[in-house]
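Quick notes on the structure that follows.
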There are 2 protein chains.
Amino acid sequence: MAVLQTPPSSVGRTTTERVLLYTEEDPLVLASGRELGPVEVAYETYGKLSPQRDNVVFVCHALTGDAHAAGYRDDASKPGWWDNLIGPGKPLDTDRFFVVCPNLLGGCQGTTGPLSTNPATGKPYGLDFPLLQMSDFVTVHRRLLEHLGIERLHAAVGGSLGGMQVLQWTLDAPSQIDNAVVVAASSRLTAQNIAFSAVAREAIMRDPDFQSGEYVGTDRAPHLGLSIARMMAHITYLSEEAMSEKFGRRLQGDEPPGNRMGLGVDFQVESYLNHQGSVFLDRFDALSYLYLTRSMDYFDVFADPGASARIASGGTRFLVLSFDTDWRFDTTHSRRIVRTLEHAGASVTFREIRSAWGHDSFLLVVPGYHETVSAFLNADGRDLRSGTPVHVPGRPDLDEVAQLVPVGSRVLDIGCGDGDLLAHLVHEHGCSGTGVEIDPAAVLTAIRRGVPVIEVDLDEQLDEFADNAYDVVVMSQTLQATRRPADVLREISRVGRRCIVSVPNFGLWRHRFGLLLRGRMPVSRELPHPWHETPNIHLSTLADLEALFEHLGLVVERRILLDEKAAPMRSSRAANLRAGAAVYVLSR
Amino acid sequence: MAVLQTPPSSVGRTTTERVLLYTEEDPLVLASGRELGPVEVAYETYGKLSPQRDNVVFVCHALTGDAHAAGYRDDASKPGWWDNLIGPGKPLDTDRFFVVCPNLLGGCQGTTGPLSTNPATGKPYGLDFPLLQMSDFVTVHRRLLEHLGIERLHAAVGGSLGGMQVLQWTLDAPSQIDNAVVVAASSRLTAQNIAFSAVAREAIMRDPDFQSGEYVGTDRAPHLGLSIARMMAHITYLSEEAMSEKFGRRLQGDEPPGNRMGLGVDFQVESYLNHQGSVFLDRFDALSYLYLTRSMDYFDVFADPGASARIASGGTRFLVLSFDTDWRFDTTHSRRIVRTLEHAGASVTFREIRSAWGHDSFLLVVPGYHETVSAFLNADGRDLRSGTPVHVPGRPDLDEVAQLVPVGSRVLDIGCGDGDLLAHLVHEHGCSGTGVEIDPAAVLTAIRRGVPVIEVDLDEQLDEFADNAYDVVVMSQTLQATRRPADVLREISRVGRRCIVSVPNFGLWRHRFGLLLRGRMPVSRELPHPWHETPNIHLSTLADLEALFEHLGLVVERRILLDEKAAPMRSSRAANLRAGAAVYVLSR
């Protein structure tokens, strides 16, 4: 490996470096078997490499990104495309992390791509440039790390195509990445995704100025096609909502519509797209656009049945994020990634972040987004190593539940709150596990303390979890708030070898007599909400519940009755009348 | 008005007719004030005009449609684009209706458009063709009717741009249309809608072969631009789901991907789009595409504050339909139309039809879609004119409710089932009204008997209805099944001057004692479901409910207690203990 320049210092970059990673004699061997050389890579670094070289965060950029992820220290005129994420005190904290970001192979911002000189002809490759697969990007990234003397990554982070590179990496080198952050990405494109890219490529390749890709050096380039491609792509990057908010139906200028209705650029949204199409021509190349979009089309990282197991084998912790208005890669894409990783037994945290801004959100500051990345990357597991009380307001049964979980179990805690029970189980019982929660503040706290948390709708999405994926599924004070308790019980008993379910008892004598004598729906410690606002939409007595267990073929292995103060009852006499709540251990 | 050919016979057409509706001397005056002449219109008719001329159904076509909506009787080689809807025994039953379908102004299938000869120059108009507004299409449609000797329409029917014409028509000639069917349409495009059209137009106009619109007679035409436009449009016509089902990620041919990965047409979806782009060139013109899409961009039928009131003044009955996977004009567009019409006091029926096929669904046979159109167009109101019993299983309280509705009231019946109560009220009490229902079979029955029905989610969408829009809102046996009963009560008391609310009583002695003695959640005539499956997720006693009324500032004007057999109770002693259900009349 020839080094063009001096190796990087261990301080923040102030320029883009370029390094020759492969030569014509020692070429890059692509996944397709084709060889490519020389290969030069442009990259930047920010922050300081620690003496142990254990603080490296690698940033993979998206389709039209480049190596300049963060602004130069002394030159405010060239902001980086991810300045809001990278810098001192930011989620990719350059006071703590050493951040590396290269331009990817096939790009047009300093790294070898279709516009580079083909040594065989002395002319630009054009369409002779080889097609690239996601693995090829990763191979080059890894060679760059080698060049930098780095063996492991604290984290790899990427949005969109960047996230796809991160995913591929965890497959190609399962133990090189400790934390993988995959934002607004996909494990494989849908027909619609491919369709948009296909039309963009047609626009470019049918442009007469494309000249079969040999436009370099002529006075023409496929500007028509590339700007149409970019305009169309921009529609898919913004949510409908964001576009409406940003432009609505407002016209350019001030004249009333009647005076100026025409076929030109009348509406503000038209002006915006035209501008986007036009400025893109200055910074991007049509051939790179063709090649990189095609790599995305063909990407199907989990197609190999062994893939997910390989990924999981590396012990990488995954953070998968989607944005609710992203319709380029909507949440279904992220859920597929989560499901596959989760089924493989990997440690996965997933959130769908609310944002008005669609796919573009991964580049923006959106409430909850950076906080989650920061919590994930900075989770030090301190809470997990110290004794954690499990006396949580609203979950008075957790101490009882905790005692029922065998040492070393893999636990799914449904309705995990901020992770108290899991933290306790990890510390005291040597367990591992995952939480399910929807309260945003609780989720963030759980992530911060190192508990993997997955946001799912209990009534719809428990199929994220595989059959018998967990030794124990805990569901505390949640069943009565689901829309279809029987289906939820079926699901959790499919996922867990054992289930520990705790419920309030509507049959408690005070509820019964309250209803009988006062003629009012009960409000109590266990049922604190008025009838019309309660989340407890399927209340039952213990007798009702036990009948349902039986109907579903669930065996009650153990039952612990709690009195009205959540203390275990000594006797089970008249349980249905006396218990304020109960904890059941169930098996199929 | 000069007639080019003999007036149409009163039997089904077997050819496309053309008629000169305006001449250079007697030109069409456009909404913009510009004049256009001559104007010739191509149209077809199917079925037989009744002697009373009262069976006319006018079909408005969408962006790239034409006059050939149904196939010729004796020529199977030329199917019509709406053959599945039009024909003997079909929803637009040509045994019953006389169906008229013209090519619209600005089109390129026989009606005057940008390719027609400009009398001022002797050459095609090209970009000198005037810009058109939705009203201009309607003006020409109406002139065609005049030519055919038709004054009123039993119905006007259109999908997408066709539905937009129908909407405009009800504004421009409020009493000409008895029934308006508006499918998968919009009252105004969003920024995203405009953006897609804008990129399509840019692709056409930037195509060097466009030659400023003067390509006719040259050997070039903007085929690149027009086919890119069409490919892109096709993406928006299909749902993501449909595209995935139809093409998935399947490749063309049989070779394994590794052998053939390239930048060409590898995936089946690419082949499909290429084909669509290419066949379109044979049947459509780029200039018409520019003009017609621009008319859609500028369309904003309710922008005039007086518009909806004008529409409602005509007494037209509206059927608005959307498809749940349509993302070109999603259900939000239809809901906006429904809300505006409903606020204006018009008779509106609305359904969101489930379909996998996106915007294209309006051209396809989708379960529930044609049935609804047929039910609406063939509603004879017979049930409304005869006495209708209101003893409905599951709604034993309806007889009581009916007696509480004043004669001549405008009634909103929430949870209207198949419209029994409304049918009864219309017949017996001279009322008018609208139903709200979500059960598809019930909705269809209600529509068939002439009851306007709107599908809304009670917990989210009662804002479809304006303040004080109804004299009486009836909500029978439904409140306890809503997610937020207090919010629903607030909403219905905003919409109705009076509300009639009936509920089951959880305080019934049998429920109480059942719970007390048996320790099980009650199952009874009023509460027939087991606890874990019940839709009644917010049960209350009458005492609870009355406390909530008071809290919300609702005055109980009357209370009727029903015993366990739904018969009125003579005494209100121990009501909370003895009543199986109650009917309340509430006012603010």
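Here, the stretch B:140-193 is characterised by an Rg to Rh ratio of 1.03, where Rg is the alpha-carbon radius of gyration and Rh the Kirkwood radius. Between copies, the label points at B:ALA76 (set 7 angstrom from Cα along Cα-to-Cβ) are spaced 7.7 nm, reported in nanometres from shortest to longest. Nearest beta carbon of chain B to the B-to-A rotation axis, with distance in whole angstrom: B:ILE537, 2. Shape verdict for the stretch B:11-53, please, from the Cα gyration tensor: rounded (a/c under 1.5), prolate (a/b greater than b/c) or oblate. Prolate.
If you plug each phi of the stretch A:576-588 into the Karplus form 6.51 cos²θ - 1.76 cosθ + 1.60 with θ = phi - 60°, what whole-Hz ³J(HN,Hα) values come out, in order, with x for Gly and Pro? Once rounded to whole Hz, the list reads 5, 9, 9, 7, x, 7, 8, 10, 10, 9, 10, 9, 7. Long-range amide H contacts for A:GLY433: which residues qualify at under 5 Å (H placed 1.01 Å from N, peptide plane, sequence gap of 5 or more or a different chain)? Placed amide hydrogens put A:VAL411 under 5 Å from A:GLY433. Note: relative contact order over chain B, using C-alpha pairs below 8 Å and six or more positions apart, is 9 percent. Taking the convex hull of the alpha carbon positions in the stretch A:464-588 and averaging its projected area over all directions gives 7.9 nm². The simple spin-label model puts a point 7 Å past each Cα toward its Cβ; for B:GLU533 and A:SER175 those points are separated by 5.3 nm.
Computed from phi, the 3J(HN,Hα) profile of the stretch B:49-58 under the Karplus parametrisation 6.51, -1.76, 1.60 (θ = phi - 60°) reads 6, 5, x, 7, 6, 10, 10, 8, 10, 9 Hz, with x in place of Gly and Pro.
For A:THR218, B:THR478, A:THR434, the sequence from fewest to most other C-beta atoms within 10 Å is A:THR218, B:THR478, A:THR434. Note on B:GLU24 and B:ASP95: with the Förster distance fixed at 30 Å, the Cβ-Cβ geometry gives a FRET efficiency of about 0.15. Computed from Cα positions, the angle between helix A:286-298 and the longest principal axis of chain A comes to roughly 30 degrees. Only one residue of A:SER313, A:PHE329, A:VAL365 has its Cα farthest out toward the positive end of the dipole of the stretch A:312-374, where Lys and Arg carry +1 and Asp and Glu -1 on Cβ, and that residue is A:SER313.
Amide H contacts under 5 Å for A:MET569: A:LEU561, A:LEU562, A:ASP563, restricted to partners 5 or more places along the chain or on a different chain, H placed in the peptide plane at 1.01 Å from N.
Convex hull volume of the Cα atoms of the stretch B:540-588, normalised per residue: 65 Å³.
The calculated pair-distance distribution of the stretch A:133-285 uses every alpha carbon pair, bins of 10 angstrom beginning at 0, and gives 9, 25, 27, 24, 10, 3, 1 percent. Under the convention that each Lys and Arg Cβ holds +1 and each Asp and Glu Cβ holds -1, the size of the dipole of the stretch B:106-238 around its Cα centre is about 160 debye.
Computed from backbone phi with θ = phi - 60° and the Karplus coefficients 6.51, -1.76 and 1.60, the 3J(HN,Hα) list for the stretch A:165-172 is 4, 4, 4, 4, 4, 5, 7, 6 Hz; x is used for glycine and proline. Anisotropy class assigned to the stretch B:310-351 is prolate, per the alpha carbon gyration tensor with a/c at or over the 1.5 cut-off and a/b larger than b/c.
Taking R0 as 25 Å, what's the FRET efficiency between B:ALA76 and B:GLU245 from their Cβ-Cβ distance, rounded to 0.05? Approximately 0.30, to the nearest 0.05. Spread over its residues, the convex hull of the C-alpha atoms of the stretch B:46-91 is 90 Å³ per residue. If you sort the three axes of the alpha carbon gyration tensor as a ≥ b ≥ c, you get a/c under 1.5 for the stretch B:394-506, which makes it rounded. In the stretch A:270-374, Cα pairs under 8 Å separated by at least six residues give a relative contact order of 25 percent.
Counting only alpha carbon atoms, the long axis of helix A:542-551 and the longest principal axis of chain A meet at about 60°. Across chain B, counting alpha-carbon atoms alone, Rg and Dmax equal 28.0, 95 Å. In the stretch A:202-340, the alpha-carbon atoms span a convex hull of 168 Å³ per residue. Both radii are taken from the alpha-carbon atoms of the protein assembly as shown; with Rh as the Kirkwood radius, Rg/Rh is 1.01.
From its DSSP helices (H runs of at least four residues, each -39,500 (n - 2.57)), the protein assembly as shown gives a residue-normalised ellipticity at 222 nm of -9500 deg cm²/dmol. In percent, rounded to a whole number, the relative contact order of the stretch A:1-151 is 24, using alpha-carbon pairs under 8 Å and six or more apart. As a ratio to 2.2 N^0.38 Å, the alpha-carbon radius of gyration computed for the stretch B:486-546 takes the value 1.32.
Here r is the Cβ-Cβ distance between A:ALA441 and A:VAL365 and R0 is 25 Å; the resulting FRET efficiency, rounded to 0.05, is 0.85.
Bear in mind that the values in this text are calculations on the coordinates, not laboratory data. What you are looking at is a predicted structure, and each value in this text was computed from that prediction instead of being measured. Here the Cβ is made from the backbone with ideal geometry for all residues, glycine too, and neighbour counts use every protein chain on show.
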